[in-house]
Amino acid sequence: MAFPKGFLWGGATAANQYEGGWDADGKGDSLCDHMRGGDVNTPRQIDEFFDPEALYPSWEATDFYGHYEEDIALFAEMGWNVFRMSINWTRLFPTGEEAEPLAAGVEFYDKVFDCLKAHGIEPLVTLSHYETPYSLVSKYNAWADRRCIDFFCTYSQFCLDRWHDKVKYWLTFNEVNTGMPFMNNALSTSLVQHYTGNTANAPRDNKLCFNALHHQFLAGAKTVKYAHDHYPEVMMGNMTAFITTYPLTCDPADLLAAQYKLQDADWYASDVQVRGAYPYYAKRLWKDYGAEPDILPGDEEILAEGCVDFFTYSYYMSMTITTHDDGEEMAGNMSLGGKNPYLKASDWGWQIDPQGLRWTINEVASRYNNIPQMVVENGFGAFDEVVVEDGVEKIHDPYRSDYLKAHAAALSDAIDDGANVIGYTWWGPIDVVSAGTGEMRKRYGFIYVDKHDDGSGDMHRARKDSFFEYQKIIADSRK
Ligand code: BG6
(Lines give C-alpha, C1' and ligand atoms only; values in the text may rest on other atoms or scores of the structure.)
Protein backbone atom coordinates (compact mmCIF):
# COMPACT_ATOMS: atom_id res chain seq x y z
CA MET A 1 0.00 0.00 0.00
CA ALA A 2 1.29 3.46 -0.85
CA PHE A 3 0.34 6.62 0.97
CA PRO A 4 1.59 10.16 0.39
CA LYS A 5 4.12 11.64 2.82
CA GLY A 6 2.40 13.38 5.71
CA PHE A 7 -0.80 11.36 5.27
CA LEU A 8 -2.98 11.84 8.35
CA TRP A 9 -3.73 8.63 10.24
CA GLY A 10 -5.84 8.58 13.36
CA GLY A 11 -9.22 8.03 14.93
CA ALA A 12 -12.52 9.86 15.32
CA THR A 13 -14.76 10.38 18.34
CA ALA A 14 -17.56 12.65 19.48
CA ALA A 15 -17.89 14.33 22.86
CA ASN A 16 -21.42 13.02 23.46
CA GLN A 17 -20.26 9.41 22.97
CA TYR A 18 -16.85 9.56 24.60
CA GLU A 19 -16.22 12.54 26.83
CA GLY A 20 -18.49 11.96 29.84
CA GLY A 21 -18.32 14.54 32.65
CA TRP A 22 -21.74 15.61 31.46
CA ASP A 23 -22.36 18.09 34.31
CA ALA A 24 -18.80 18.70 35.48
CA ASP A 25 -17.78 22.25 36.36
CA GLY A 26 -21.06 23.85 35.30
CA LYS A 27 -21.45 22.13 31.91
CA GLY A 28 -24.98 22.34 30.55
CA ASP A 29 -26.98 19.41 29.23
CA SER A 30 -27.02 18.82 25.52
CA LEU A 31 -29.50 16.93 23.38
CA CYS A 32 -27.67 13.62 23.73
CA ASP A 33 -27.58 13.88 27.52
CA HIS A 34 -31.36 13.38 27.37
CA MET A 35 -31.18 10.18 25.30
CA ARG A 36 -31.60 6.76 26.90
CA GLY A 37 -29.88 3.69 25.59
CA GLY A 38 -31.75 1.39 23.21
CA ASP A 39 -30.78 -1.49 20.99
CA VAL A 40 -31.10 -2.53 17.41
CA ASN A 41 -34.87 -2.99 17.80
CA THR A 42 -35.56 -0.28 20.38
CA PRO A 43 -35.16 3.33 19.31
CA ARG A 44 -33.47 5.61 21.81
CA GLN A 45 -36.00 7.57 23.82
CA ILE A 46 -35.46 11.26 24.53
CA ASP A 47 -36.66 12.38 27.97
CA GLU A 48 -37.56 15.98 28.49
CA PHE A 49 -37.04 15.51 32.24
CA PHE A 50 -34.48 13.10 33.63
CA ASP A 51 -35.82 9.92 35.20
CA PRO A 52 -33.69 9.08 38.26
CA GLU A 53 -34.16 5.36 37.52
CA ALA A 54 -33.00 5.62 33.91
CA LEU A 55 -29.52 5.34 32.45
CA TYR A 56 -28.30 8.04 30.08
CA PRO A 57 -25.22 6.62 28.33
CA SER A 58 -23.72 9.99 27.37
CA TRP A 59 -23.42 11.13 30.96
CA GLU A 60 -20.36 9.09 31.72
CA ALA A 61 -19.69 7.65 28.27
CA THR A 62 -16.12 6.26 28.38
CA ASP A 63 -14.76 9.21 30.30
CA PHE A 64 -12.26 10.96 28.04
CA TYR A 65 -12.78 13.80 30.52
CA GLY A 66 -11.00 11.82 33.23
CA HIS A 67 -8.68 9.73 31.01
CA TYR A 68 -7.55 12.05 28.23
CA GLU A 69 -3.84 11.86 29.08
CA GLU A 70 -3.81 8.07 29.21
CA ASP A 71 -5.88 7.80 26.02
CA ILE A 72 -3.83 10.27 24.01
CA ALA A 73 -0.66 8.40 24.99
CA LEU A 74 -2.25 5.20 23.63
CA PHE A 75 -3.22 7.00 20.39
CA ALA A 76 0.39 8.15 20.02
CA GLU A 77 1.58 4.59 20.58
CA MET A 78 -0.40 3.56 17.49
CA GLY A 79 1.49 6.20 15.51
CA TRP A 80 -1.33 8.67 14.96
CA ASN A 81 -0.77 12.17 13.71
CA VAL A 82 -4.43 13.24 13.80
CA PHE A 83 -7.27 12.88 16.30
CA ARG A 84 -10.84 13.82 15.47
CA MET A 85 -12.90 14.94 18.45
CA SER A 86 -15.80 17.28 18.98
CA ILE A 87 -16.01 20.19 21.34
CA ASN A 88 -19.05 19.87 23.55
CA TRP A 89 -20.90 23.12 22.92
CA THR A 90 -22.50 23.02 26.39
CA ARG A 91 -19.15 22.63 28.15
CA LEU A 92 -18.42 26.14 26.93
CA PHE A 93 -21.90 27.67 26.63
CA PRO A 94 -24.23 25.71 28.96
CA THR A 95 -27.50 26.96 27.50
CA GLY A 96 -26.15 28.11 24.15
CA GLU A 97 -27.16 31.70 24.86
CA GLU A 98 -24.35 32.96 27.08
CA ALA A 99 -22.11 35.71 25.69
CA GLU A 100 -18.97 34.35 27.38
CA PRO A 101 -17.81 30.75 27.78
CA LEU A 102 -17.23 28.88 31.04
CA ALA A 103 -13.59 29.17 32.09
CA ALA A 104 -13.43 25.54 33.25
CA GLY A 105 -14.59 24.26 29.87
CA VAL A 106 -12.04 26.39 28.04
CA GLU A 107 -9.32 25.12 30.33
CA PHE A 108 -10.27 21.49 29.65
CA TYR A 109 -9.89 21.86 25.88
CA ASP A 110 -6.68 23.90 26.35
CA LYS A 111 -5.25 20.93 28.20
CA VAL A 112 -6.44 18.42 25.62
CA PHE A 113 -4.95 20.36 22.70
CA ASP A 114 -1.67 20.83 24.56
CA CYS A 115 -1.50 17.14 25.36
CA LEU A 116 -2.14 16.26 21.69
CA LYS A 117 0.58 18.66 20.61
CA ALA A 118 3.03 17.14 23.07
CA HIS A 119 2.40 13.79 21.32
CA GLY A 120 2.72 15.20 17.81
CA ILE A 121 -0.99 14.70 17.08
CA GLU A 122 -2.97 17.26 15.11
CA PRO A 123 -6.53 17.84 16.39
CA LEU A 124 -9.37 17.68 13.86
CA VAL A 125 -12.30 19.34 15.60
CA THR A 126 -16.00 18.91 14.87
CA LEU A 127 -17.88 21.93 16.19
CA SER A 128 -21.24 20.18 16.39
CA HIS A 129 -21.64 16.41 16.68
CA TYR A 130 -25.26 16.13 17.94
CA GLU A 131 -24.39 18.25 21.00
CA THR A 132 -26.95 21.02 20.57
CA PRO A 133 -27.68 22.61 23.97
CA TYR A 134 -30.91 21.12 25.30
CA SER A 135 -32.03 24.56 26.35
CA LEU A 136 -32.07 25.62 22.67
CA VAL A 137 -34.01 22.47 21.86
CA SER A 138 -36.75 23.10 24.42
CA LYS A 139 -36.90 26.86 23.98
CA TYR A 140 -36.60 27.28 20.21
CA ASN A 141 -37.04 23.82 18.64
CA ALA A 142 -33.35 24.11 18.02
CA TRP A 143 -32.37 24.42 14.36
CA ALA A 144 -35.95 24.91 13.23
CA ASP A 145 -35.45 28.48 14.49
CA ARG A 146 -33.16 30.93 12.69
CA ARG A 147 -31.97 32.40 15.97
CA CYS A 148 -29.81 29.30 16.48
CA ILE A 149 -27.53 30.53 13.70
CA ASP A 150 -26.32 33.42 15.84
CA PHE A 151 -26.05 31.31 18.97
CA PHE A 152 -23.90 28.84 17.05
CA CYS A 153 -21.72 31.59 15.56
CA THR A 154 -20.96 33.03 19.02
CA TYR A 155 -19.73 29.57 19.98
CA SER A 156 -17.88 28.73 16.76
CA GLN A 157 -16.18 32.13 16.56
CA PHE A 158 -15.03 31.81 20.14
CA CYS A 159 -13.50 28.42 19.31
CA LEU A 160 -11.68 29.78 16.28
CA ASP A 161 -10.42 32.85 18.16
CA ARG A 162 -9.16 30.74 21.02
CA TRP A 163 -7.72 27.72 19.25
CA HIS A 164 -6.89 28.70 15.63
CA ASP A 165 -3.19 28.30 16.35
CA LYS A 166 -3.65 24.90 18.00
CA VAL A 167 -6.24 23.42 15.64
CA LYS A 168 -5.69 23.52 11.90
CA TYR A 169 -8.58 21.28 10.77
CA TRP A 170 -12.19 22.14 11.63
CA LEU A 171 -15.51 20.57 10.65
CA THR A 172 -18.81 22.40 11.10
CA PHE A 173 -21.69 19.89 11.50
CA ASN A 174 -21.28 16.15 11.78
CA GLU A 175 -23.31 14.30 9.14
CA VAL A 176 -25.43 17.34 8.46
CA ASN A 177 -27.40 15.40 5.84
CA THR A 178 -28.88 13.16 8.54
CA GLY A 179 -31.46 15.86 9.14
CA MET A 180 -33.03 15.16 5.74
CA PRO A 181 -36.75 14.41 5.95
CA PHE A 182 -36.41 10.88 4.61
CA MET A 183 -33.52 9.77 6.82
CA ASN A 184 -35.59 7.26 8.62
CA ASN A 185 -34.02 5.31 11.35
CA ALA A 186 -33.61 5.24 15.11
CA LEU A 187 -31.04 7.97 15.55
CA SER A 188 -32.15 10.23 12.76
CA THR A 189 -35.74 10.03 14.01
CA SER A 190 -34.65 11.26 17.41
CA LEU A 191 -32.44 13.93 15.92
CA VAL A 192 -34.91 15.21 13.41
CA GLN A 193 -37.51 15.30 16.14
CA HIS A 194 -35.26 17.60 18.09
CA TYR A 195 -33.94 19.66 15.24
CA THR A 196 -37.44 20.43 14.20
CA GLY A 197 -39.72 20.14 17.20
CA ASN A 198 -41.61 17.24 15.61
CA THR A 199 -42.77 14.72 18.17
CA ALA A 200 -41.51 11.19 17.84
CA ASN A 201 -44.75 9.70 16.58
CA ALA A 202 -45.93 12.61 14.48
CA PRO A 203 -45.34 12.40 10.76
CA ARG A 204 -42.21 14.24 9.71
CA ASP A 205 -42.75 17.89 8.93
CA ASN A 206 -40.68 18.18 5.78
CA LYS A 207 -40.78 21.95 5.76
CA LEU A 208 -39.23 22.07 9.23
CA CYS A 209 -36.59 19.56 8.19
CA PHE A 210 -35.52 21.60 5.17
CA ASN A 211 -35.52 24.79 7.22
CA ALA A 212 -33.49 23.25 10.05
CA LEU A 213 -30.93 22.11 7.48
CA HIS A 214 -30.92 25.48 5.77
CA HIS A 215 -30.16 27.15 9.09
CA GLN A 216 -27.28 24.76 9.70
CA PHE A 217 -25.93 25.47 6.20
CA LEU A 218 -26.04 29.19 6.97
CA ALA A 219 -24.40 28.77 10.39
CA GLY A 220 -21.71 26.59 8.78
CA ALA A 221 -21.09 29.04 5.92
CA LYS A 222 -20.81 31.98 8.31
CA THR A 223 -18.31 30.05 10.42
CA VAL A 224 -16.26 29.14 7.34
CA LYS A 225 -16.23 32.76 6.17
CA TYR A 226 -15.21 33.98 9.63
CA ALA A 227 -12.31 31.53 9.62
CA HIS A 228 -11.22 32.53 6.11
CA ASP A 229 -11.38 36.23 6.98
CA HIS A 230 -9.48 35.97 10.25
CA TYR A 231 -7.38 32.82 10.17
CA PRO A 232 -6.49 31.87 6.60
CA GLU A 233 -4.11 29.19 7.86
CA VAL A 234 -6.92 26.92 9.10
CA MET A 235 -8.78 24.43 6.90
CA MET A 236 -12.55 24.29 7.12
CA GLY A 237 -14.47 21.17 6.14
CA ASN A 238 -18.01 19.83 5.82
CA MET A 239 -19.03 16.38 7.09
CA THR A 240 -21.47 14.20 5.14
CA ALA A 241 -22.80 10.76 6.09
CA PHE A 242 -22.06 9.07 2.78
CA ILE A 243 -24.79 6.64 1.85
CA THR A 244 -23.29 4.84 -1.09
CA THR A 245 -26.17 3.32 -3.04
CA TYR A 246 -26.06 0.96 -6.02
CA PRO A 247 -28.90 0.04 -8.37
CA LEU A 248 -29.89 -3.54 -7.45
CA THR A 249 -30.49 -4.48 -11.08
CA CYS A 250 -29.47 -3.11 -14.46
CA ASP A 251 -33.03 -2.00 -15.13
CA PRO A 252 -32.57 1.66 -16.18
CA ALA A 253 -35.32 2.58 -13.72
CA ASP A 254 -33.08 1.27 -10.92
CA LEU A 255 -30.17 3.32 -12.23
CA LEU A 256 -32.26 6.45 -12.11
CA ALA A 257 -33.53 5.57 -8.63
CA ALA A 258 -29.92 5.22 -7.44
CA GLN A 259 -29.03 8.57 -9.00
CA TYR A 260 -31.88 10.28 -7.18
CA LYS A 261 -30.98 8.60 -3.91
CA LEU A 262 -27.39 9.83 -4.18
CA GLN A 263 -28.56 13.32 -5.04
CA ASP A 264 -31.04 13.44 -2.18
CA ALA A 265 -29.07 11.70 0.55
CA ASP A 266 -25.49 12.70 -0.21
CA TRP A 267 -24.97 15.40 -2.80
CA TYR A 268 -27.68 17.87 -1.76
CA ALA A 269 -25.97 18.84 1.51
CA SER A 270 -22.46 18.34 0.11
CA ASP A 271 -23.06 20.54 -2.94
CA VAL A 272 -24.34 23.43 -0.82
CA GLN A 273 -21.25 23.34 1.36
CA VAL A 274 -18.64 22.75 -1.34
CA ARG A 275 -20.13 24.83 -4.15
CA GLY A 276 -21.92 27.45 -2.05
CA ALA A 277 -25.35 27.13 -3.65
CA TYR A 278 -28.32 24.80 -3.79
CA PRO A 279 -27.90 22.40 -6.73
CA TYR A 280 -30.19 22.41 -9.78
CA TYR A 281 -31.99 19.22 -8.67
CA ALA A 282 -32.99 20.78 -5.33
CA LYS A 283 -36.22 21.92 -6.98
CA ARG A 284 -37.05 18.34 -7.97
CA LEU A 285 -36.19 17.11 -4.49
CA TRP A 286 -38.31 19.77 -2.76
CA LYS A 287 -41.16 18.93 -5.08
CA ASP A 288 -40.83 15.23 -4.25
CA TYR A 289 -41.09 16.02 -0.55
CA GLY A 290 -43.73 18.72 -0.93
CA ALA A 291 -41.77 21.39 0.90
CA GLU A 292 -38.87 23.77 0.51
CA PRO A 293 -36.77 25.89 2.86
CA ASP A 294 -37.48 29.56 3.45
CA ILE A 295 -34.55 31.19 1.67
CA LEU A 296 -34.53 34.84 2.74
CA PRO A 297 -32.85 37.73 0.91
CA GLY A 298 -29.12 37.60 1.66
CA ASP A 299 -29.04 33.86 2.40
CA GLU A 300 -27.67 32.92 -1.01
CA GLU A 301 -24.77 35.36 -0.60
CA ILE A 302 -23.95 33.84 2.79
CA LEU A 303 -23.85 30.33 1.31
CA ALA A 304 -21.71 31.50 -1.61
CA GLU A 305 -19.13 33.02 0.72
CA GLY A 306 -18.76 29.97 2.93
CA CYS A 307 -17.41 27.20 0.70
CA VAL A 308 -15.32 24.61 2.52
CA ASP A 309 -11.64 23.90 1.89
CA PHE A 310 -11.80 20.13 2.19
CA PHE A 311 -14.45 17.45 1.94
CA THR A 312 -15.01 14.92 4.69
CA TYR A 313 -17.46 12.09 5.21
CA SER A 314 -18.28 8.91 7.03
CA TYR A 315 -18.33 5.66 5.11
CA TYR A 316 -19.27 2.37 6.76
CA MET A 317 -21.17 0.37 4.18
CA SER A 318 -23.11 0.49 0.95
CA MET A 319 -26.77 -0.17 0.20
CA THR A 320 -28.86 -0.91 -2.86
CA ILE A 321 -32.06 0.46 -4.31
CA THR A 322 -34.57 -1.07 -6.69
CA THR A 323 -37.90 -0.27 -8.28
CA HIS A 324 -38.78 -3.97 -8.15
CA ASP A 325 -40.21 -5.59 -5.08
CA ASP A 326 -37.73 -8.44 -4.82
CA GLY A 327 -35.13 -6.65 -2.70
CA GLU A 328 -34.43 -7.32 0.98
CA GLU A 329 -34.17 -4.37 3.39
CA MET A 330 -31.18 -3.42 5.52
CA ALA A 331 -30.72 -0.63 8.03
CA GLY A 332 -27.84 1.63 9.03
CA ASN A 333 -28.22 3.99 11.96
CA MET A 334 -29.53 6.78 9.77
CA SER A 335 -31.02 5.33 6.67
CA LEU A 336 -32.69 2.32 5.18
CA GLY A 337 -31.77 0.66 1.93
CA GLY A 338 -31.64 -2.67 0.16
CA LYS A 339 -29.30 -5.58 0.82
CA ASN A 340 -26.59 -6.47 -1.66
CA PRO A 341 -26.41 -10.23 -2.28
CA TYR A 342 -22.65 -10.01 -2.96
CA LEU A 343 -21.71 -8.62 0.45
CA LYS A 344 -21.39 -9.94 3.99
CA ALA A 345 -22.58 -7.93 6.98
CA SER A 346 -21.53 -7.10 10.55
CA ASP A 347 -23.40 -8.32 13.65
CA TRP A 348 -25.57 -5.22 13.30
CA GLY A 349 -26.36 -5.93 9.66
CA TRP A 350 -24.06 -3.27 8.17
CA GLN A 351 -22.71 -4.56 4.87
CA ILE A 352 -18.96 -4.68 4.43
CA ASP A 353 -17.87 -3.11 1.16
CA PRO A 354 -14.29 -1.81 0.88
CA GLN A 355 -14.56 -1.42 -2.89
CA GLY A 356 -17.50 0.88 -2.25
CA LEU A 357 -15.10 3.15 -0.39
CA ARG A 358 -12.81 3.30 -3.43
CA TRP A 359 -15.84 4.07 -5.62
CA THR A 360 -17.02 6.78 -3.22
CA ILE A 361 -13.61 8.46 -3.03
CA ASN A 362 -13.48 8.57 -6.82
CA GLU A 363 -17.01 9.99 -7.04
CA VAL A 364 -16.14 12.79 -4.60
CA ALA A 365 -12.91 13.52 -6.46
CA SER A 366 -14.55 13.75 -9.84
CA ARG A 367 -17.51 15.81 -8.66
CA TYR A 368 -15.42 18.40 -6.79
CA ASN A 369 -12.37 18.84 -8.97
CA ASN A 370 -10.23 16.60 -6.80
CA ILE A 371 -10.73 18.66 -3.64
CA PRO A 372 -8.65 17.42 -0.67
CA GLN A 373 -10.78 14.78 1.03
CA MET A 374 -10.63 12.89 4.29
CA VAL A 375 -12.51 9.78 5.35
CA VAL A 376 -13.28 10.88 8.90
CA GLU A 377 -15.36 7.87 9.93
CA ASN A 378 -15.04 4.25 8.93
CA GLY A 379 -15.19 1.33 11.32
CA PHE A 380 -16.65 -1.93 12.45
CA GLY A 381 -19.03 -2.32 15.39
CA ALA A 382 -18.89 -5.82 16.88
CA PHE A 383 -19.30 -7.86 20.07
CA ASP A 384 -15.90 -8.38 21.70
CA GLU A 385 -14.87 -11.01 24.19
CA VAL A 386 -12.19 -10.47 26.81
CA VAL A 387 -10.09 -13.52 27.62
CA VAL A 388 -7.30 -13.77 30.16
CA GLU A 389 -4.14 -15.48 28.90
CA ASP A 390 -1.14 -15.82 31.21
CA GLY A 391 -2.71 -13.29 33.52
CA VAL A 392 -3.08 -10.70 30.74
CA GLU A 393 -6.37 -9.50 29.26
CA LYS A 394 -6.62 -10.14 25.53
CA ILE A 395 -9.24 -9.23 22.99
CA HIS A 396 -8.85 -11.18 19.76
CA ASP A 397 -10.74 -9.25 17.09
CA PRO A 398 -9.64 -10.51 13.66
CA TYR A 399 -12.99 -9.33 12.21
CA ARG A 400 -12.04 -5.72 13.01
CA SER A 401 -8.50 -6.09 11.68
CA ASP A 402 -9.85 -7.63 8.47
CA TYR A 403 -12.24 -4.72 7.96
CA LEU A 404 -9.44 -2.24 8.67
CA LYS A 405 -6.95 -3.86 6.29
CA ALA A 406 -9.49 -4.12 3.47
CA HIS A 407 -10.52 -0.46 3.81
CA ALA A 408 -6.93 0.77 4.12
CA ALA A 409 -6.18 -1.11 0.88
CA ALA A 410 -9.18 0.52 -0.80
CA LEU A 411 -7.92 3.91 0.35
CA SER A 412 -4.51 3.20 -1.11
CA ASP A 413 -6.10 2.03 -4.39
CA ALA A 414 -8.14 5.22 -4.62
CA ILE A 415 -5.02 7.31 -4.02
CA ASP A 416 -3.43 5.30 -6.80
CA ASP A 417 -6.42 6.18 -8.97
CA GLY A 418 -5.35 9.80 -8.44
CA ALA A 419 -7.71 10.95 -5.69
CA ASN A 420 -6.44 13.62 -3.31
CA VAL A 421 -7.07 11.80 -0.02
CA ILE A 422 -5.23 13.52 2.82
CA GLY A 423 -6.31 11.49 5.83
CA TYR A 424 -8.25 8.70 7.46
CA THR A 425 -9.73 8.56 10.96
CA TRP A 426 -11.22 5.27 12.17
CA TRP A 427 -14.50 5.68 14.00
CA GLY A 428 -14.46 4.90 17.71
CA PRO A 429 -10.77 3.88 17.97
CA ILE A 430 -11.44 3.48 21.66
CA ASP A 431 -14.79 1.95 22.69
CA VAL A 432 -17.49 4.62 22.89
CA VAL A 433 -21.28 4.67 23.26
CA SER A 434 -23.03 3.80 20.00
CA ALA A 435 -24.88 6.78 18.59
CA GLY A 436 -27.58 4.74 16.89
CA THR A 437 -28.45 2.36 19.70
CA GLY A 438 -26.82 3.88 22.78
CA GLU A 439 -25.18 0.52 23.46
CA MET A 440 -21.68 -0.16 24.77
CA ARG A 441 -21.59 -3.70 23.47
CA LYS A 442 -21.47 -2.43 19.89
CA ARG A 443 -17.75 -1.85 20.09
CA TYR A 444 -15.56 -0.22 17.43
CA GLY A 445 -12.38 0.32 19.42
CA PHE A 446 -8.80 -0.80 18.99
CA ILE A 447 -8.74 0.01 22.69
CA TYR A 448 -11.19 -1.83 24.93
CA VAL A 449 -12.91 0.07 27.74
CA ASP A 450 -14.38 -1.81 30.68
CA LYS A 451 -17.81 -0.19 30.55
CA HIS A 452 -21.08 -2.03 29.99
CA ASP A 453 -24.67 -1.40 29.01
CA ASP A 454 -25.91 -1.54 32.60
CA GLY A 455 -23.46 1.22 33.54
CA SER A 456 -21.04 -1.15 35.31
CA GLY A 457 -17.29 -1.39 34.66
CA ASP A 458 -14.19 0.28 36.06
CA MET A 459 -13.26 2.05 32.80
CA HIS A 460 -9.83 0.48 32.55
CA ARG A 461 -8.38 0.36 29.07
CA ALA A 462 -6.85 -2.64 27.23
CA ARG A 463 -5.24 -2.99 23.81
CA LYS A 464 -7.09 -5.30 21.41
CA ASP A 465 -5.25 -7.25 18.69
CA SER A 466 -6.46 -4.67 16.14
CA PHE A 467 -4.49 -2.01 18.05
CA PHE A 468 -1.29 -3.64 16.82
CA GLU A 469 -2.71 -4.12 13.31
CA TYR A 470 -3.42 -0.39 12.97
CA GLN A 471 0.00 0.42 14.44
CA LYS A 472 1.60 -1.79 11.78
CA ILE A 473 -0.41 -0.32 8.89
CA ILE A 474 0.59 3.19 9.94
CA ALA A 475 4.25 2.31 10.43
CA ASP A 476 4.43 0.44 7.07
CA SER A 477 2.83 3.37 5.26
CA ARG A 478 5.67 5.63 6.44
CA LYS A 479 8.54 3.39 5.31
C1 BG6 B 1 -22.06 8.00 12.46
C2 BG6 B 1 -21.97 9.01 13.54
O3 BG6 B 1 -23.36 8.00 11.99
O4 BG6 B 1 -21.84 6.67 12.74
C5 BG6 B 1 -21.29 8.54 14.82
O6 BG6 B 1 -21.33 10.19 13.11
C7 BG6 B 1 -21.70 7.10 15.06
O8 BG6 B 1 -21.64 9.41 15.86
C9 BG6 B 1 -21.19 6.25 13.92
O10 BG6 B 1 -21.29 6.59 16.29
C11 BG6 B 1 -21.41 4.76 14.09
O12 BG6 B 1 -22.76 4.53 14.32
P13 BG6 B 1 -23.33 3.73 15.56
O14 BG6 B 1 -24.78 3.96 15.51
O15 BG6 B 1 -22.93 2.33 15.34
O16 BG6 B 1 -22.67 4.34 16.77
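The values are calculated or read from the model by the stated rules, or taken from the named source; none is laboratory data. Values in this document were obtained by computation on a predicted structure and should not be read as measured data. Ideal geometry is used to build each Cβ from the backbone, glycine not excepted, and the neighbour counts take in all protein chains shown. Heads up: the accessible areas ignore ligands, DNA and RNA and are worked out on the full protein's heavy atoms, side chains in. Shrake-Rupley method; radii C 1.70, N 1.55, O 1.52, S 1.80 Å.
Per-structure values
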read-out	value
Normalised contact order of the chain, rounded percent, pairs of Cα under 8 Å and 6 or more residues apart	18
Interchain or long-range residues, amide H under 5 Å from ALA12's placed H	ARG84, TRP426, TRP427, GLY428
With every protein chain in place, the range 8-477: carbon and sulfur % of accessible area (1.4 Å)	50
Surface accessible to a 1.4 Å probe, per residue, for the residues of the chain, Å²	38
Antiparallel bridge percentage (DSSP; both residues within the chain; nearest 5)	30
Contact order relative to length of the range 34-141, as percent, for alpha carbon pairs under 8 angstrom and 6 or more apart	26
Dipole of the range 8-477, positive direction: furthest Cα of PRO279, HIS407, THR95, with charges on the beta-carbon	PRO279
Rh (Kirkwood; distinct C-alpha pairs) - the range 76-183, Å	14.8
Restricting the range 307-394 to chymotrypsin sites (Phe, Trp or Tyr not before Pro) in coil, as DSSP defines it, with at most 14 other Cβ within 10 Å	TYR342, PHE383
Contour minus Cα-Cα distance for ASP416 and ALA345 (0.36 nm per residue)	22.9 nm
Cα Rg, Dmax, the chain, angstrom units	20.9, 69
Computed P(r) (all Cα pairs; the range 336-479; 10 Å bins; percent)	10, 36, 34, 16, 4, 0
For MET1, solvent-accessible area (1.4 Å; no DNA, RNA or ligand), Å²	130
Amide H within-cut-off set for SER128, under 5 Å, with H built and near neighbours excluded	ASN174
DSSP bridge orientation in the range 50-191 - percent antiparallel, rounded to nearest 5	0
Equivalent ellipsoid, the range 263-366 (semi-axes from 5 times Cα gyration tensor eigenvalues, Å)	31, 18, 11
Estimated FRET transfer efficiency when R0 is 25 angstrom, pair PHE50-GLU107 (beta carbons, to 0.05)	0.40
Links that overshoot a 23 Å alpha carbon limit, given the list LYS5/LYS168; LYS207/LYS261; LYS344/LYS442; LYS168/LYS464	LYS168/LYS464
Under Karplus coefficients 6.51, -1.76 and 1.60, residue-wise ³J(HN,Hα) of the range 171-177 in Hz, glycine/proline x	10, 7, 10, 5, 6, 4, 5
Per-residue HN-Hα couplings for the range 11-21 [Karplus 6.51, -1.76, 1.60; θ = phi - 60°; Hz; x = Gly/Pro]	x, 10, 9, 9, 3, 5, 9, 10, 5, x, x
Farthest toward positive dipole pole in the range 8-477 [+1 Lys/Arg, -1 Asp/Glu at C-beta], among GLY306, THR437, VAL388	GLY306
Charged-residue dipole, Cβ positions (Lys, Arg, Asp, Glu), the range 8-477 about Cα centre, Debye nearest 20	980
Under 19 Å from the LYS287 label point (7 Å along Cα→beta-carbon), backbone N, the range 312-354	none
